[in-house]
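Peer 1: I am attaching a structure below and will ask some questions about it afterwards.
Every read-out reported here was derived from the displayed coordinates using simple, explicitly stated rules and does not represent laboratory data. Everything quoted here is computed from the prediction, not taken from an experiment. Note that each Cβ is placed from the backbone with ideal geometry, even for glycine, and that neighbours are counted across all protein chains shown.
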Amino acid sequence: MNTRWLIKNWFRVGHKISWKLNFETLISLLYFIPVFQNEFIYRIVQKKHRFVLDYLAENYSELIGKYKKLDFPDIKKSENKHYIWVMWWQGESSAPELVRMCIDSMRKNANGAEVVVIDKNNYYQYADIPSYIIEKHEKGYISFAQLSDIMRIYLISSHGGLWLDSTIYVSQKIPSEIFEKTFYSLHTSLKKTAFVQNDRVHCFVLGGLSNSKLISFVKELLSSYWIDHDVIIDYYLLDYSIMLAYWKFDDIHSMIDNLDSTSEGLYELVSILNNPYDKNKVSRILSDNIFSKLVWNQKHRCHTDGKDTVYGFLLNEVKQEMESGSN
């Protein structure tokens, strides 16, 4: 996250929406620190979530009412083409090594799907992003992270497919049935977290059929929000938008609750990247999880004490696979 942008946005939220919300947001950050994970802080976290959800529900009540009345059958594409969407705004060639490794892991395991790397020079070929959103991004009101959130919803709405954040490492062939689901995301055991979705969904892996009810609602909500605002009420507006649909529409509530429970070890791999390579441990993690969430803005070593690290092993494995595949 860009700390400077977050601070500026925090003051804008106070001036234009609520200083009370800002206070609750600051207190909620404490819940990320284990020593502060207590019931008192958790209640403030929940108050913050309720404020944001109520704000969206009140300001976009007409949109909610519209979708409650709609008979919204899923519209499947007649074409059999599947897409995997990933974005690096400056272009893949400018991406850090870890990001390029993750994108190559997607290609290696795409299982026939086309991997499309979205950047500032090609996005308009795939997503009809409104000009006011691009303008607000250029003015600094919409960060790269929020632009990415908007982009994934527009892409899935238009084409269907699977969005993967650029730091998702894919270790197995992606099952073709994922591309046929009305909605797909990683759904792990519910636990108390500082996030509004409490692990019901993880928006860095997001997919679905084009023009499905949930994706269409979220697209329309985000579009309307950015017509009305030049400040984001919360960094995780996409998560709040999905959870607003979860609470307001019984069919979406059931659909999300019935997602397969997957990727309980989503963060195992990132925790050992700089450790010496342990074949048994790494093999278990990669076989248990199709998708692993990594981070690019930390220092990663390929070797430690004369041995390959887990990161070094993954980097070499993907590189060799891609080279052999191109021959």
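Peer 1: Run through all the Cα pairs of segment 83-230 and give the fraction in each 5 Å bin from 0, expressed as whole percent.
Peer 2: Going from the shortest bin to the longest, the percentages are 2, 9, 18, 21, 22, 16, 9, 3, 0.
Peer 1: Now for a separate question. Output the 0 to 90 degree angle, nearest 10, between the alpha-carbon long axis of helix 279-288 and the longest principal axis computed from the alpha carbons of the chain.
Peer 2: 40 degrees
Peer 1: Grab every C-alpha pair in segment 1-56, bin the distances at 10 angstrom width from 0 up to the longest one, and report whole percents.
Peer 2: Answer for segment 1-56: a P(r) of 23, 48, 27, 1 percent.
Peer 1: Separate question: To test your reading of the geometry: what angle, between 0 and 90 degrees and rounded to tens, separates the Cα axis of helix 237-248 from the longest principal axis of the chain?
Peer 2: Taking Cα atoms only, the helix is inclined about 60 degrees.
Peer 1: While we're looking at this one, here's another question. What are the radius of gyration and Dmax of the chain, computed over its Cα atoms and given in Å?
Peer 2: Both quantities, over Cα of the chain: 20.1, 64 Å.
Peer 1: Something else: Just tell me the longest site-free run in the chain, where the sites are GluC sites (Glu not before Pro) in a DSSP loop having at most 16 other beta-carbon atoms within 10 Å.
Peer 2: Numbers: sites that count: 79, 264.
With GluC sites (Glu not before Pro) excluded where exposed in loops, the chain gives 80-263 as its longest stretch.
Peer 1: Mean shadow of segment 180-318, computed from the convex hull of its alpha carbons, in nm²?
Peer 2: About 10.8 nm², averaged over all directions.
Peer 1: In addition: Going by how many other Cβ atoms sit within 10 Å of their own, how do 106, 151 line up, fewest first? Please report the intermediate quantities before stating the final value.
Peer 2: On the way: 106 23, 151 20.
So the ranking, lowest neighbour count to highest, is 151, 106.
Peer 1: To make sure I understand the rule: partners must be lysines, Cα under 23 Å from the Cα of residue 293, and not fewer than 8 residues away in the same chain. Which ones qualify?
Peer 2: Within the straight-line limit of under 23 Å, residue 293 reaches these lysines: 108, 173, 181, 191, 192, 279, 281, 319.
Peer 1: Taking neighbour counts of Cβ atoms within 10 Å as a proxy for exposure, in what order, fewest first, do 25, 193 appear?
Peer 2: On the way: 25 22, 193 14.
Ranked by crowding around the Cβ, least crowded first: 193, 25.
Peer 1: Dipole of segment 83-230, Cα-centred, from +1 at each Lys and Arg C-beta and -1 at each Asp and Glu C-beta, to the nearest 20 debye?
Peer 2: Working: 14 positive and 16 negative charges, 92 e Å.
Its charge dipole is roughly 440 debye.
Peer 1: Any idea which of 190, 280, 179 is furthest toward the positive side of the dipole for the chain, if Lys and Arg beta-carbons carry +1 and Asp and Glu beta-carbons -1?
Peer 2: Farthest towards the positive pole: 190.
Peer 1: Determine, at each q value in 0.16, 0.21, 0.25, 0.29 (inverse angstroms), the log₁₀ of I(q)/I(0) that the Debye formula gives when each Cα of segment 269-326 is one equal point scatterer.
Peer 2: Per q value, in the given order, log10 I(q)/I(0) is -0.52, -0.87, -1.12, -1.26.
Peer 1: Let's test this: bin the Cα-Cα distances of segment 114-196 at 10 Å from zero up to the farthest pair and state each bin's percent.
Peer 2: Going from the shortest bin to the longest, the percentages are 13, 41, 33, 13, 0.
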